[in-house]
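Read-outs throughout are calculated quantities, based only on the coordinates presented, and are distinct from any laboratory measurement. This is a predicted model, so every value here is computed, not measured. Here the Cβ positions follow ideal geometry from the backbone for every residue, glycine too, while neighbour counts run over all protein chains shown.
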Amino acid sequence: MQGSNHLLWIYRVYVGLFFLYLVAPLLAAGAFAFNDSTFPSLPWRGFTLDWFISDTEPKLGLLNDEPLLRGMWNSFYIGMIVAALSVAAGTCNAFLFVRKDFPFKSAFYVLMVVPLVIPGVILGISILVLASMIANFADSQFGLFLTWLRPGVPLIVLGQFSFLTTITSLVIAARLQKFDISLEEAALNLGASRLRVLTTVTLPFLFPALFSAFIVAFLVSFENFNTTLMLVGSDAPLTITMYDRMVKVGSTPVLNAVSVVLMVGSGLLALLSVVAQRSPKSD
Amino acid sequence: MSRDAGRLSLILLFAPFALWIGLLIILPQIGIGYISLREKVGINEYEFGFKNYADFAQAAVYRNTLFRTAWISILVTMLALVLGFPISYYIAKIARERSRAALFLMCLIPLWVSDLVRAYGWIVLLRETGVVSTALVSMGVINEPIEMLYNDVTVIIGLVYTVILFMIVPLVSTMQGMDDSLLEAGFNLGGSRLTVFRRIVVPYAMPGIVAGCIIVFMITAGSYLTPVLLGGKNSSWFTEQIYNQFITRYNWEAGATFGVLLLLFTSLVVWLGLRLTGQSLATTVAKDT
Amino acid sequence: MNDLSCVGVTKKFGDFTAVRNVSLEVPPGSFFSILGPSGCGKTTLMRMIAGFETPSAGDIRIKGESVINLAPNKRNVKMVFQHLALFPMMNVGENIAYGLRCQGEQKSEIPEKVRKVLDRVGLPGVEDKRIEQLSGGQKQRIAIARCMVLQPDVLLLDEPLGALDLKLREHMKIELKQLQERFETTFLYITHDQSEALVMSDQVAVMNAGGFEQIGSPRALYDDPVSGFVAGFVGDANVLPGTIDEVRGGEARVILDGGGAVLARLADDSNTGDRVEIFVRPEALRIGGDNGSGSLSGKVDSLLFNGAASRILVRLDTGQLVEVADGDQASEVSAHDAVTVSWQPDRSRIFVRRPGA
């Protein structure tokens, strides 16, 4: 067809521009972490790692910035806890929906997916409200002071867990679907107990999905903002800390340094999760 | 005997599911519904009724915020579809095998990076002292730095940026499944490019389009960082109102009301969308990576 | 005492009866096959023996003891699954050792047992290979080794040769028979392929719609089928539909549906006026002359060359196509020749018409 070559090139240019658009803000955020200037903007004053390591004001590097480091640590351990919990719950859900039959199964399946459709802010406020109601009730009726139901890490964990479980369930269920049930029957036939079958045949097969789900859950938890914002107490994860900096205090390129760390970290973990699912060895 | 064991394992497996959905999803939503109906008349004295909703309906500022959020979300969804469809098509159909995986991965990367970093990147680029402004000044295109943030256009650009990948991913998945011979048959039978597009490609990609639009709309309506950071204090975004009511003003009743309204509104749109196109949650959103 | 016996085993799924009052006795050290078309219930029967399904009625006994209430991981019948079910996340040695570990064998003794059984199946030294590195035939032997290392009372094989190509299948049939003799274990083999059943088995049970039609040696099934189903399922047969005109002792005169009258041997209690089918094997038919059954005329339709299994296809005047064996390709007819076809009456069988025939 005539002119299709012409069209193809315009198309290619569009695609190229699009990827430029995709990458621009990330570059902007990342590049200026290395700019030797107190301002994350042009002109470029030379390459430096100060925003990572320096310990003197006004250029306080990331590694010496107490609140930011604490934020990172909080994000890290919250992420670990939430990821572990949601992978465990997700595995149960996967077995429930792939292996079992029960009345209203399709309705319950829709319920399982619903958390992804509810805006994160709503998930946050709803859990906040419920927790407070319970805490107030316990306080007024029994005199029990339940701090873990007030805004803070436990509530953040619950809030993130509520929708991460859906993600992990879907990832693990997809893998479980592909499992050849005759492998379990063969193991039983060879004398294995049901528990043994689970641990030596089924779970090893599921492992790439469990690993991948863990990483995805950790990542999404680490960068979550909307739900966490409503549930945060005194220990703030990194995203909240960074937001506070941006809005209230005014920012130095240390935030760019944080961005670089976040981008590199997320990128590596994401790659890891993709590779784990594709690994031919554990097919 | 094995029947009992089967029953027991069903109960054991169902319990975490029930606890999770019941305690963390269903009960909390009921909770905010309950609170939204509550009105504080005195210390620890409450009355129940629809007063909060009436207040909302009467306060122009809140009504307008909801409408604004709604129409911008719809606009962003449309833009994401129009801008994203060609990209998806390119990745799914035109790119060569090797570059396809690379391109798709490149699309996924911004997704993995936090909303926060992306918004921050736009700020660095577009604010008055930011990259674009200083570049334009130094190139002599303009005389003074200009503020490009804090207006609707920027918010829309930022929102499209945030969500466009959620449109591209389902579209690519759907279109990858399309057999090339369908297109070839279309051309062979005399169709022009436009006809083939309209009658073959679009209908085939419809489930992906619907999935993408629903997801994108939900995310846009529910997003917080992008409109607030890029739009400034006058950004007038509904989720910001919710945050204000809860955290700044400690008016949980009003906040819950707004939350319920947002939930109802987005659910309505999702339900309508699914209904109109004959899909269900299980066939669209649940077909995740 | 028989290694395996089933007594009146029945299995119903709701209204559907998959297995209907099946009884069988498998003598120790024999190769017993269950032969039947898809859906006849043979897989369900095997799964009940292995313990993955519970019979609705009846008993299953291994070495005389009822195993109905034993869980599948406690029965000493080991199964080679249809797609082998070799564990992909373990190597060959670990696959074979799996059952031994479950039994709590001494860790130190396991490698030696694995080595011995691999020798016996003719694949020494492959312990460290991964499953995907094996060929189809090798995987078969590993699957068998994995079961045999546990010294089961009975080995169940669920159509294991289905995924192999023709030449390999032919080779494996002989291999399996030899393995069975070498291990001196009772094999219970299910298949829909009658040549597998006939070649390997000491006894064959032909199964149809949930029940056994006939149990016997391969020869008995081939020469003396007891029903139209068995006659048609085991070996090749030409089937001529007709109605009985007259009964004379063990023979009957049959008017064929398309016209013509022939003599054939009665094989069940059909009587005058019954609608029946005559079964004649291709090797029992002769071209030309009258062999005592009366002859049928027709035209040679085509000659099919297949080495020793060559056939002459004749289109009878009744309109039906019959196959005449031409093993030494000595026939001198060619296409479109007018010929007559006949057989010796006692090499034919009359059975009541099969439903749907």
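Figures for the structure shown
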| item | result |
| --- | --- |
| By average C-beta atoms within 10 angstrom, highest first, the peptides B:172-180, A:8-16 | B:172-180, A:8-16 |
| Selection from B:16, A:18, C:302, by position along the positive dipole direction of the protein assembly as shown (Cβ) | A:18 |
| Rel. contact order, % - alpha carbon contacts under 8 angstrom, at least six apart, chain B | 24 percent |
| Leading residue at positive end of dipole, the protein assembly as shown (Cβ point charges), from C:73, B:228, A:29 | B:228 |
| Footprinting exposure proxy for A:52, A:39, C:305 (fewest neighbouring C-beta atoms within 10 Å first) | C:305, A:39, A:52 |
| Pairwise label distance in nanometres, residue B:142 with residue A:64, each label 7 Å out on the Cα-Cβ vector | 3.7 nm |
| Candidates per chymotrypsin sites (Phe, Trp or Tyr not before Pro) in segment A:60-156, loop by DSSP, up to 15 other Cβ within 10 Å | A:104, A:145 |
| Per-residue mean of C-beta atoms belonging to partner chains within 10 Å, peptide C:72-84 | 4 |
| Projected label distance in nm at residue C:17 and residue C:328, using a 7 Å step from Cα toward the beta-carbon | 5.1 nm |
| Assigned charges on the beta-carbon of Lys, Arg, Asp, Glu; segment B:1-104 dipole about Cα centre (debye) | 600 debye |
| Proximal aspartates and glutamates relative to residue C:63, as straight alpha-carbon distance under 18 Å, when same-chain residues fewer than 8 apart are discounted | C:3, C:25, C:153, C:184 |
| Cα gyration tensor shape for segment C:299-357, rounded if a/c is under 1.5, else prolate or oblate | prolate |
| In segment C:110-208, lysine pairs with alpha-carbon atoms under 22 angstrom apart (chain gap of 8 or more, or interchain) | 10 |
| Neighbour-count ranking [beta-carbon atoms within 10 angstrom, fewest first] of B:161, B:150, B:53 | B:53, B:150, B:161 |
| Segment B:55-283 shape via C-alpha gyration tensor axes, a/c threshold 1.5 | oblate |
| Mean Cβ count within 10 Å, highest first, over the residues of peptides B:63-73, A:200-210, B:90-100 | A:200-210, B:63-73, B:90-100 |
| Amide H contacts of residue C:189 (H built 1.01 Å from N, under 5 Å, at least 5 apart or other chain) | C:32, C:33, C:34, C:157 |
| Test item: A:268-275 mean partner chain Cβ contacts at 10 Å | 2 |
| Dipole in debye (nearest 20) - chain A, about Cα centre, beta carbon charges: Lys, Arg +1; Asp, Glu -1 | 680 debye |
| Sequence of B:107, C:40 once ranked by neighbouring C-beta atoms within 10 Å, starting from the fewest | B:107, C:40 |
| Degrees separating the helix C:166-183 axis from the principal Cα axis of chain C, which is the longest one | 60 degrees |
| Those lysines that a straight Cα-Cα span of less than 26 Å connects to residue A:248, excepting residues fewer than 8 apart in one chain | A:59, B:233 |
| Theoretical gain in end-to-end length, residue C:209 to residue C:76 [0.36 nm per residue, Cα-Cα removed] | 45.1 nm |
